[in-house]
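First comes the structure, then the notes that go with it.
The values are calculated or read from the model by the stated rules, or taken from the named source; none is laboratory data. Nothing here was measured: the structure is a model prediction, and the numbers come from that model. Because the Cβ atoms are built from the backbone with ideal geometry, glycine has one as well, and the counts that use them run over all protein chains shown. Calculation scope for accessible area: heavy atoms of the full protein, side chains included, ligands and nucleic acids excluded. Shrake-Rupley method; radii C 1.70, N 1.55, O 1.52, S 1.80 Å.
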Amino acid sequence: MPIGKVAVFTASGVPFEIEELPTPEIESGGILVKNTHAVICGSDLHGWRGDGDEKPPPKRRLTGHEFTGVVHSLSRGVDTDSLRRPLKEGDRIAFPFFNPCNRCYWCIRGEHHACPHRGRANHQGLDAYPYCDGGMADYYYLPPGHYAFKVPDELPTDAVPPVNCALSQVLFGLERAKMDFGDTVVIQGAGGLGIFATAIAAEKSASKVIVIDGQQPRLDLAMKCGATDTVSMVDYPTAESRVERVRELTHGVGADIVVEVVGVAAATLEGLDMVRFNGKYVDIGNISGGSIEFAARKIINNQTQWQGLMHYNPWIVEAALQFLVRTKDRMPIANVISHKYPLEEINDAFEFAEWHGREGGSPANRVALTM
């Protein structure tokens with residue numbers, strides 16, 4: 001089996017170290033992927049900074065989950081992707097970054113996103129099988145039974161890394177919310193997830209797509225991706241003023257669906273006040289800790305349907321790829337990578353991604369590591 005470079009993460013504030021490790025033995029039904037691009041996601045930056053209420057003890061592990069690659073090796077008997085399309089070495093593929101077990105109460109009901117055993121292998125640490133296994137590494141191992149989808153020829157490779165995280169997550173969020181034709185949708189945050197959510201809501205024929213953010217370049221991009229209105233946190237500096245503005249834009253009713261992709265707990269408290277009576281709140285961004293406190297009647301009296309969401313069902317990956325094919329000439333979301341660093345320069349890449357995000361870099365300008 002080949003030897004691959006990996007970027008080892010131990011704790012926040014500690015530089016990554018580049019090591020070489022063997023790849024796992026390919027079991028029957030497995031696929032070894034040669035990674036090509038790994039995007040630095042906002043949640044990667046959360047871990048790198050040490051955000052959150054709980055900080056796990058240092059552990060040598062890999063990071064990186066928003067990534068893509070090509071087939072390096074197929075085990076005997078594997079010659080198609082999950083839709084039975086021919087698959088061979090060198091083909092580009094997209095795949096979920098977590099592994100549902102397919103053998104539990106939730107999986108047999110098709111609730112793969114909720115599988116309690118859907119562990120990410122790169123969270124197990126480098127002392128546990130399959131060791132060389134993460135996005136920020138030369139190789140990634142898809143175990144038997146995992147899902148993989150061939151990338152359409154029409155898509156540039158730079159479009160593919162966010163498919164298995166940002167794009168699939170917000171697409172699944174709006175599907176779970178059962179968004180209807182003509183719904184009014186509010187997107188809290190115009191980073192990578194927010195821009196994708198904007199484009200999806202527009203494509204699904206929302207009557208209004210209202211996007212909230214504090215950086216004007218992001219709001220400008222949101223307008224190019226289907227937003228009908230934007231709310232600048234500069235012009236509306238308080239939560240109360242932003243809630244009032246959303247009420248004005250929805251003729252006093254509030255939004256049918258509000259999607260939180262900010263990753264700040266306080267945004268949830270604000271967003272719940274933007275939901276119409278009996279509307280829906282989809283909470284995706286708050287995965288790194290943080291708490292809020294409010295009276296229960298805020299939810300109960302308003303009959304708000306509050307959905308927390310993490311991960312997605314496998315079919316979403318293929319739907320995300322086809323969404324990019326349909327919209328690549330109409331919306332500027334297919335070419336999302338603007339800055340690339342070799343894996344060996346991962347520490348510089350994280351420093352740049354942190355600065356770039358704080359200095360108002362466009363959400364389309366995402367930082368990627370190349371292998």
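Residue under question is TYR236, and the condition is that it be farther than 19 Å from ILE333 by Cβ, open to solvent by less than 50 Å² (accessible area, probe 1.4 Å) and of a type in the set (Phe, Trp, Tyr); does it hold? Taking the combined requirement at face value, the residue does not satisfy it. Sort out which residues of the range 239-264 are buried (at least 18 other Cβ atoms within 10 Å of the Cβ) and either assigned to a loop (DSSP other than H, G, I, E, B) or at pLDDT below 95 (or both), and write them in order of number. Hits for the range 239-264 are THR250, GLY254, VAL261, VAL262, GLY263. For the range 155-190, filtered to residues that are among the acidic types (Asp, Glu) and at pLDDT 95 or above, the residue that is nearest to ALA38 (Cα to Cα) is GLU175. Of the strands (runs of 3 or more DSSP E) that lie entirely inside the range 168-232, those containing 1 or more residues that are acidic (Asp, Glu) span 208-213, 229-232.
With respect to the conditions (1) modelled with pLDDT under 95; (2) open to solvent by less than 30 Å² (accessible area, probe 1.4 Å); (3) closer than 30 Å to VAL151 by Cβ, MET310 falls short on a single one, namely (2).
Pairs meeting the criteria (first residue in the range 207-226 and within 11 Å of GLY189 (Cβ to Cβ), second residue open to solvent by less than 10 Å² (accessible area, probe 1.4 Å) and part of a helix (DSSP H, G or I), beta carbons under 6 Å, at least 6 apart or on different chains) are VAL211/THR198; VAL211/ALA222; ASP213/LEU219; ALA222/THR198. In this structure, does ALA159 turn out to be small (Gly, Ala, Ser), open to solvent by less than 20 Å² (accessible area, probe 1.4 Å), in contact with a helix residue (DSSP H, G or I) (Cβ under 7 Å, 6 or more places away or on another chain) and in contact (Cβ under 8 Å) with a residue 60 or more places away in the chain? Taking the combined requirement at face value, the residue satisfies it. A count restricted to the range 279-306 and to residues that are within 28 Å of LYS224 (Cβ to Cβ) and either in a strand (DSSP E or B) or among the aliphatic types (A, V, I, L, M) (or both) stands at 7. When THR10, THR68, THR63 are checked against the criterion of being under 20 Å from THR157 (Cβ atoms), touching a residue at least 12 places away in the same chain (Cβ under 8 Å) and hydroxyl-bearing (Ser, Thr, Tyr), a single residue qualifies: THR68.
Going through (1) touching an Asp or Glu at 6+ places or on another chain (Cβ under 9 Å); (2) modelled with pLDDT of 90 or more; (3) not β-branched (Val, Ile, Thr) one by one, SER362 falls short only on (2). Here PHE67, PHE16 are screened, and the one residue that is aromatic (Phe, Trp, Tyr) and within 25 Å of VAL317 (Cα to Cα) is PHE67. Consider LEU193 carefully, then state whether it is among the aliphatic types (A, V, I, L, M), open to solvent by less than 20 Å² (accessible area, probe 1.4 Å) and touching a residue at least 60 places away in the same chain (Cβ under 8 Å). When the stated conditions are applied, LEU193 does not pass them.
Please verify whether the range 131-152 includes one or more residues that are more than 27 Å from ASN347 (Cβ to Cβ), among the hydroxyl-bearing types (Ser, Thr, Tyr), open to solvent by 20 Å² or more (accessible area, probe 1.4 Å) and outside any loop (DSSP other than H, G, I, E, B). Within the range 131-152 (the criterion being more than 27 Å from ASN347 (Cβ to Cβ), among the hydroxyl-bearing types (Ser, Thr, Tyr), open to solvent by 20 Å² or more (accessible area, probe 1.4 Å) and outside any loop (DSSP other than H, G, I, E, B)), the answer is no, since none of the residues qualifies. Residues of the range 277-292 that are in contact with a strand residue (DSSP E or B) (Cβ under 7 Å, 6 or more places away or on another chain) and touching a residue at least 60 places away in the same chain (Cβ under 8 Å): LYS280, VAL282, ILE284, GLY285. The strands (runs of 3 or more DSSP E) located wholly in the range 1-109 that include 2 or more residues which are open to solvent by less than 50 Å² (accessible area, probe 1.4 Å) and either more than 24 Å from MET371 (Cβ to Cβ) or among the small types (Gly, Ala, Ser) (or both) occupy 3-9, 66-74. Here LEU126 passes the criteria (1) of a type outside the set (Ser, Thr, Tyr); (2) at pLDDT below 95; (3) in a loop (DSSP other than H, G, I, E, B); (4) over 16 Å from PHE9 (Cα atoms) except the one numbered (4). If you take the residues of the range 265-307 that are within 24 Å of ARG109 (Cβ to Cβ) and of a type in the set (A, V, I, L, M), which of them is surrounded by the fewest Cβ atoms within 10 Å (Cβ to Cβ)? By that ranking, first place goes to ILE287. Taking the range 250-270 as the range and being touching a residue at least 40 places away in the same chain (Cβ under 8 Å) and within 22 Å of GLY191 (Cα to Cα) as the test, the residues that pass are ALA255, ASP256, ILE257, VAL258, VAL259, GLU260, VAL261, VAL262, GLY263, ALA267, GLU270.
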